[in-house]
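The next block holds one structure in the form of structure tokens; read it before the comments.
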Amino acid sequence: MDFAPGIEDFIARTLAFYPEDTAGEDIATQRQRYRAMCAAFARPRPAQVESADLALPAADDGRRIPAR
């Protein structure tokens, strides 16, 4: 199968965080692996991109949905 440039490297990097026996690990260990993978892929936000945290009304009953 042909992949777009960079996809094979992405797959290899992702799989490096998940050995074949990962499914047998406890949930805390799996979460730790996932957090480590996310940290490895994290990139700083470009300077020209801004974000803001807010809450949107969910219904007329006062509930709010967090958004960024």
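The values are calculated or read from the model by the stated rules, or taken from the named source; none is laboratory data. The structure displayed is predicted, hence computed values, not measured ones. As a convention, Cβ positions derive from the backbone with ideal geometry for all residues, glycine included, and neighbour counts pool all protein chains shown. Surface areas here come from the heavy atoms of the whole protein model, side chains and all, with no ligands, DNA or RNA. Shrake-Rupley method; radii C 1.70, N 1.55, O 1.52, S 1.80 Å.
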task: Using only Cα positions of the chain, each an equal point scatterer, no hydration layer, compute I(q)/I(0) via Debye at q = 0.18, 0.21, 0.28 Å⁻¹ and quote the log10 values to two decimals.
output: -0.89, -0.93, -1.16
- request: List the residues of segment 1-22 whose backbone N lies under 19 Å from a point placed 7 Å from the Cα of Q30 along the Cα-to-Cβ direction.
  value: 14-22
statement: Whole-percent carbon and sulfur contribution to the accessible surface of the chain (1.4 Å, no ligands, DNA or RNA) stands at 56 percent
- prompt: Per residue, how much accessible area does the chain show when a 1.4 Å probe rolls over the protein heavy atoms, in square angstrom?
  reply: 90 Å²
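Taking the Cα centre of the chain as origin and charging only Cβ (+1 Lys, Arg; -1 Asp, Glu), how large is the dipole, in debye to the nearest 20?
That gives a dipole near 360 debye.
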query: Over the chain, what relative contact order in percent results from Cα pairs under 8 Å that are six or more residues apart?
result: 18 percent
task: Before rounding to the nearest 500, sum -39500 (n - 2.57) across all DSSP H runs of length at least 4 in the chain and divide by the residue total; then give [θ] at 222 nm in deg cm²/dmol.
output: -11000 deg cm²/dmol
- line: For segment 19-60 the trypsin sites (Lys or Arg not before Pro) that pass both the DSSP coil test and the at-most-12 other-Cβ-within-10 Å test are none
